[in-house]
Amino acid sequence: LTQIVRLGTELATLRREDEVLDSLVRRVAEIMNSATCSVMLIDYEKNEAVLAAQTGIPAGADKLHVPLSSPIFRKLLDAGEPIILTDIDRQEPSMRQFLVRPDLKAFFAYPMVRRENVVGVITLSSLTPYNPSLEEISACRLLAERAAAALENARLFERTERHLQQVQALRTIDAAIASSFDLKAILNIILYQIV
């Protein structure tokens, strides 16, 4: 549980979205001894959840898109609470149609909430029926919230970095125009900076 809390803090130091996602799924699967771990990001415009990062999921499922109207996402979005299926076949056999591995026996989904909006879902699983403790559930909920914040921060950092690159390109173009009378040289600099 301490490792999960520590991971949430570590995610906040990452600057790129792919680093946050990859580190999250790899480390959570390892810490929780989970057969699979995935992050599905919510795309409200397309009304679907898209697999953004995963471990333990078979090849070919990496382009997974799940409609938000599916039962699992309806529950997550409506209640904003984790889904804890300690024994899929006993509790929710209809869930099998959405699982990419038939050998999974338990399934857990934690909403990534940021500013009261579900921005994604962290999923974990077990090859045997498993009932996580309240402490495990609380730690994973906290991790999901911190992961949502880390993801937002990484996106802001990447966006800021792009804007700085654009400003620097404009400064370089401005300097070229101000210091040269060679139209071809100026056009080459402009083309290079635009690219």
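The values are calculated or read from the model by the stated rules, or taken from the named source; none is laboratory data. Because the structure is a prediction, the values reported are computed rather than measured. Because the Cβ atoms are built from the backbone with ideal geometry, glycine has one as well, and the counts that use them run over all protein chains shown. Areas reflect the complete protein model, heavy atoms only, side chains present, ligands, DNA and RNA absent. Shrake-Rupley method; radii C 1.70, N 1.55, O 1.52, S 1.80 Å.
Number of residues in region 131-160 that are without any contact (Cβ under 8 Å) to a residue 12 or more places away in the chain and either assigned to a helix (DSSP H, G or I) or open to solvent by 70 Å² or more (accessible area, probe 1.4 Å) (or both): the value is 5.
In the set (1) surrounded by 13 or more Cβ atoms within 10 Å (Cβ to Cβ); (2) in contact (Cβ under 8 Å) with a residue 12 or more places away in the chain, the condition left unmet by Lys75 is number (2). Listed by first and then second residue, the pairs linking a residue in region 84-99 that is at pLDDT 90 or above to a residue that is assigned to a helix (DSSP H, G or I) and buried (at least 16 other Cβ atoms within 10 Å of the Cβ), with Cβ atoms under 6 Å apart and 6 or more places separating them unless they lie on different chains, are Ile88/Met95. Selection over region 100-126 of residues that are among the aliphatic types (A, V, I, L, M), open to solvent by 10 Å² or more (accessible area, probe 1.4 Å) and touching a Leu at 6+ places or on another chain (Cβ under 8 Å) gives a count of 3. For region 1-37, taking the residues that are in contact with a Ser or Thr (Cβ under 7 Å, 6 or more places away or on another chain) and open to solvent by 40 Å² or more (accessible area, probe 1.4 Å), the one that is farthest from Phe108 (Cα to Cα) is identified as Leu14. Look at (1) open to solvent by 60 Å² or more (accessible area, probe 1.4 Å); (2) more than 22 Å from the chain's Cα centre (by Cα) and you find that Thr86 fails only one, number (1).
Scanning region 1-55 for residues that are basic (Lys, Arg) and touching a Phe, Trp or Tyr at 6+ places or on another chain (Cβ under 7 Å) yields a single hit, Arg15. Candidates Gln168, Gln97: the one that is out of contact with any helix residue (DSSP H, G or I) (no Cβ under 6 Å at 6 or more places or on another chain), open to solvent by 90 Å² or more (accessible area, probe 1.4 Å), within 30 Å of Glu48 (Cα to Cα) and polar (S, T, N, Q) is Gln97.
Sub-8 Å Cβ pairs linking a first residue in region 178-195 that is touching a residue at least 24 places away in the same chain (Cβ under 8 Å) to a second residue that is of a type outside the set (A, V, I, L, M, F, W, C), at least 6 apart or interchain, are Gln193/Thr172, ordered by first then second residue.
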